[in-house]
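This report concerns only the one structure given below.
The values are calculated or read from the model by the stated rules, or taken from the named source; none is laboratory data. Predicted, not measured: the structure shown is a model, and the values here were computed from it. Backbone-built Cβ (ideal geometry, glycine too); neighbour counts: all protein chains shown.
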Amino acid sequence: MKEKKISALALAAWVLFGTAGASAQSEPNAELERLAAHVRTHPSDYEQTYAYIRLATELHDEAAIGALERLLMYNPELGRAREQLGFLYARIGAYQSAVFNLRAALKSPDLDAAQKARIEAQLPDLEMQTKASRFSGSLQIGVRTQSNAAYLPSSGLYDVGGVQTLGGVTGRQSDANTFEHAQITHDYDLQNQRGDVIETRGLAYATQQFALPQYNVALFSVSVGPRLGLAEIAPGLTVKPYVAGSASLVGNLNYLNTGSAGVSLRQTFGGRLVLEPGFEWTRLWVNSASSPGSNTQTVATIATGDVFTGSLGGSLRIFDNIRLEGRAAFSRAEAYVATQATSQFDVQAMLRVEVDPPLAEMPRRWTIAPYARFTQIAFDIANPVLDPFRARRDDAWVYGLALDAPITAQLGVSGHLEFLRNDSNISSFKMQNVSLTFGPTARF
Amino acid sequence: MRNLPSVALLALFCLGAPDLRADVVGNVGAVNQSAQGTPPGGAPKGLALGAGVVDRERIETKADGRAQIVFLDKSTLGVGANSSVTIDRFVYDAAAGAGKQSLSITKGALRFIGGEVSHGAGMEIKTPSATIGVRGGMVLVRVGGAECGDIARPPGGCDQIILLNGAAAIVTAKGRRQVLTRPGFGVSVGSEGGDISDPAPAGEGAIEGFDRQFASLPGQTGGVSAAALPNGAQALARLGNIRAPDRNPWAGLGAIGAHWGGAGIAQSRAQTNNQTVATQTQQTLAAVVAARDAVASDHGSAYSGIAVDLSNPVSGAVGALFSHGFCVWSCVTPTIVSQSISGAASSITLQATFPGYGYFLITLAVNAESIHYTAGQNSATFSGAIPATVVYYPVGGGAAQTNTYNLVVSENLNWSGVASGNGAPTSFSINGSDTLNFVNASGIVLDPPATSTSSFFSLPNGFTESFSFSYP
């Protein structure tokens, strides 16, 4: 009976979404067929040929490449067509062909300086794809302001041993800080058919608070692991075992160190959808010397112990310039201190909308990205320091809007405005924080 | 009867005509002369732009000839210079989007860009040395070239096969197999089909070499009249002045995630600190109050505020409180500035001076009514909030900065010690396991920043403090 219900549900879903999707797709496909038939017999009808190229590009149909090659046989100097062809080759992963055509486009007299700048902005990344050792990175420095940098409870109330009382520190302690954020990526392509790559990722992040130096943070992490192709099992499938480590400082003292090992799968479906399930084990070491010993250390959400995380990441390209990315994870934290053992659920989503910048001279697209995050932390047992009869549970909501605005090929500005609300059944942790982060960026 | 041969001829024509039309499998999309097509059983004819090509037609080019054939299924065949390619078979069911497509190349080069047929399993390309099954893809094929990769070059040279998209399964004439699955990778096959190289990146030179095979030579126009060539302005207008998506785009959630990670660490630490302030600071003060109350009351709640022996602050209650110092840039023992008592409420003001930095005035307000003490017992409970005001006077004469705390206490106090004549302890010790933290107040900007990590007050972990009192 249950199976029948599931089948009925699946059928209903297929009817609702499958057929709707099919009918929505059939219209442009029919138009593509019409255009294909027309330009096949009228190859010099350029208006229709360009319409054909535009639609085929939108539908990720490689017929666009054939049509562009044809136009270039008529006139090899068509810089815009050559540029389009180069980027289409890049999209299918034929990087040598992409680089060849983009370099040729740069020599075309058809293209003005702004158009060439757009090609020049992309070309180094594509040229890098043809090499075995690929190194890239980004750097941002900037300023962040926070309305509640000390994460004080909104009400000023604390739960202490089950008694709700005014806290030792009152008021919101707003603050600003400078920050530095560097991400470094190195891929070593093993140059085999599977596309195996040894991926190394590095992150350095640091903040310097203006008024609350005890909350200065420095965070360093690195991960390394091979990404192995599994096309024999399924086209577009890769697996990545990896190890990772991190160290962090708070108030200029070592606070948290981690070591991790994990494995993730990545499956690409037709270039539109990417799913990435993974599992990770992490050992956390909280350095108690970073703070005078106190039983209130057990109220920290980060605790020495083991954390096991199962996750599913994903990215869905809705249109050429709109992409939805997200990640859901469940973590089980087996802290060494029983009162710090938790189960954590985390969901993140971001809608990335790429738009043309306001000036033609700006070679890269800008990204406007609303995002949200929900995190639930449920502690296993009550902590007597807080409340001997209630186990803490926090529901944290984050809403934000990010902007990435490249100005030149390498330099730009980026920032995000974010609202955090943490609902907790313990007064001490009910809080809100509004932050604004902004600063110049560089990429290489 | 006379008409019988005519009828038969007509019938034959009527039956044959649809077949002939069905044999048209594509059209000439571009052509540079010299290029010709030879239909099956027919004579060679020069290719013309837009003209139909039929099944089993052979396309041949000379050194200055190139052609592109567009098939019914949207696939395209580029025929390079000095080449000979035959459409062995093309069957396409448009309704099903499937069919069969087979090409053979005996010399020169071809570029195949897949269509509906190759999206299934029905496409193959034959060379003198191998058969290539193309799946959903795009391949470059050259026959008898000099490039042989890591295999020995036979007298007839090598056939080179490069995959640009999809997959290509290659079986040589002698049964050797390789599968290309990665764009930009290629293999070389010895002309006899006896050897095949391992798949390897094709390299920039190979791609350029192929392009030269298909690109129009100077002055060639692919079959369109020179007066009607597509121009750059039209291409720009019709293809749009768009920007391509970045190959390495902004990290999105990854970029935000670094900030989340840092904030999560700070939040975990801050909430610990906040709770520390709320719970742990006042054990000692509460004990002081309890002790004083013991003098004044034999049971019940206190009726008098705490008093401090001004003549002996160091050994007194407040002095004991700061026995490990009031620590900011270093640790100093504060001096008592004043005290006042009103009913059960006491206010004690201390001064901690740091030469070269400035000084602090710390005012503690304690309400002894919060103490519940019974004479003869050696314990008491204390709960409530103790306001503490800290004012910082910078050495440079800058504006004084004030921050107010509510030091929350909910503790059981235990003591032992020498009893006075009325039974109250004149000295006692407090046993605790906690560190006394009075975390730096954010409302006060210290210049330079504090060097003590747990300023302002500090006691060691697992402390045992002995307090001695002098009573009036």
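Only one of the listed residues (A:Ala303, A:Ala328, A:Ala349) is in a loop (DSSP other than H, G, I, E, B) and hydrophobic (A, V, I, L, M, F, W, C). That residue is A:Ala303. Cβ-Cβ contacts under 6 Å between residues 6 or more apart (or on different chains), taken from a first residue in segment A:59-72 that is assigned by TED's automatic domain parsing to the domain that holds A:Ala104 and buried (at least 23 other Cβ atoms within 10 Å of the Cβ) to a second residue that is part of a helix (DSSP H, G or I) and of a type in the set (Phe, Trp, Tyr), are listed as A:Ala67/A:Tyr52. When A:Ala391 is tested against (1) at the interface with chain B (Cβ under 10 Å from one of its Cβ atoms); (2) in a loop (DSSP other than H, G, I, E, B), exactly one condition is not met: (1). Quick one: how many residues across segment A:199-220 are more than 8 Å from chain B (Cβ to nearest Cβ) and under 14 Å from A:Ile184 (Cβ atoms)? Residues in segment A:199-220 being more than 8 Å from chain B (Cβ to nearest Cβ) and under 14 Å from A:Ile184 (Cβ atoms): 6 in total.
Note on segment A:213-267: among residues that are out of contact with any strand residue (DSSP E or B) (no Cβ under 9 Å at 6 or more places or on another chain) and within 28 Å of B:Ile265 (Cβ to Cβ), the one that is surrounded by the most Cβ atoms within 10 Å (Cβ to Cβ) is A:Pro213.
Return the only residue of A:Ala372, A:Ala405 being without any contact (Cβ under 8 Å) to a residue 40 or more places away in the chain and not in a loop (DSSP other than H, G, I, E, B). If you could, list the steps in order and put the result at the bottom.
Values: A:Ala405 fails: without any contact (Cβ under 8 Å) to a residue 40 or more places away in the chain.
The unique qualifying residue is A:Ala372.
Going residue by residue through segment A:120-135, is there one that turns out to be of a type in the set (Ser, Thr, Tyr), modelled with pLDDT under 95, surrounded by 15 or more Cβ atoms within 10 Å (Cβ to Cβ) and within 30 Å of the chain's Cα centre (by Cα)? There is at least one residue in segment A:120-135 that is of a type in the set (Ser, Thr, Tyr), modelled with pLDDT under 95, surrounded by 15 or more Cβ atoms within 10 Å (Cβ to Cβ) and within 30 Å of the chain's Cα centre (by Cα).
For segment A:48-67, the tally of residues that are more than 9 Å from every other protein chain (Cβ to nearest Cβ) and of a type in the set (A, V, I, L, M, F, W, C) stands at 3.
Do we find that A:Ala349 is free of Cβ contacts under 8 Å to residues at least 60 places away in the same chain and over 23 Å from A:Gly415 (Cβ atoms) in this structure? Steps first, answer last, please.
Working: free of Cβ contacts under 8 Å to residues at least 60 places away in the same chain: yes; over 23 Å from A:Gly415 (Cβ atoms): no.
Considered against the rule, which asks whether it is free of Cβ contacts under 8 Å to residues at least 60 places away in the same chain and over 23 Å from A:Gly415 (Cβ atoms), A:Ala349 comes out as no.
With respect to A:Ile92, is the statement that it is among the hydrophobic types (A, V, I, L, M, F, W, C) and at pLDDT 95 or above true? So that I can check it myself, show each step before the final result.
On the way: among the hydrophobic types (A, V, I, L, M, F, W, C): yes; at pLDDT 95 or above: no.
When the stated conditions are applied, A:Ile92 does not pass them.
Taking the criterion of being surrounded by fewer than 22 Cβ atoms within 10 Å (Cβ to Cβ) and farther than 21 Å from B:Gly186 by Cβ, the residues of segment B:103-134 that qualify are B:His119, B:Gly120, B:Ala121, B:Gly122. Taken over segment B:215-254, the criterion of being at the interface with chain A (Cβ under 7 Å from one of its Cβ atoms) and outside any loop (DSSP other than H, G, I, E, B) is satisfied by B:Ala228, B:Gly232, B:Gln234, B:Ala235, B:Leu236, B:Arg238, B:Leu239, B:Leu253. For segment B:151-182, residues that are crowded, with 18+ Cβ neighbours inside 10 Å, more than 13 Å from every other protein chain (Cβ to nearest Cβ) and of a type in the set (A, V, I, L, M, F, W, C) total 3. For segment A:376-388: of the residues being touching a strand residue (DSSP E or B) at 6+ places or on another chain (Cβ under 8 Å) and surrounded by fewer than 21 Cβ atoms within 10 Å (Cβ to Cβ), which is farthest from B:Ala244 (Cα to Cα)? Among them, the one singled out is A:Asp387.
Could you tell me which of the residues A:Ser221, A:Ser248 is under 27 Å from B:Pro448 (Cα atoms), modelled with pLDDT of 90 or more and among the polar types (S, T, N, Q)?
On the way: A:Ser221 fails: under 27 Å from B:Pro448 (Cα atoms).
That would be A:Ser248, the only listed residue that is under 27 Å from B:Pro448 (Cα atoms), modelled with pLDDT of 90 or more and among the polar types (S, T, N, Q).
Within segment A:97-123, the residues that satisfy the criterion of being more than 9 Å from chain B (Cβ to nearest Cβ) and in a helix (DSSP H, G or I) are A:Ala98, A:Leu102, A:Arg103, A:Ala105, A:Leu106, A:Ala113, A:Lys116, A:Ala117, A:Glu120, A:Leu123. Taking segment B:183-202 as the range and being touching a residue at least 24 places away in the same chain (Cβ under 8 Å), outside any loop (DSSP other than H, G, I, E, B) and crowded, with 21+ Cβ neighbours inside 10 Å as the test, the residues that pass are B:Gly186, B:Val187, B:Ser188, B:Val189, B:Gly190, B:Ile196.
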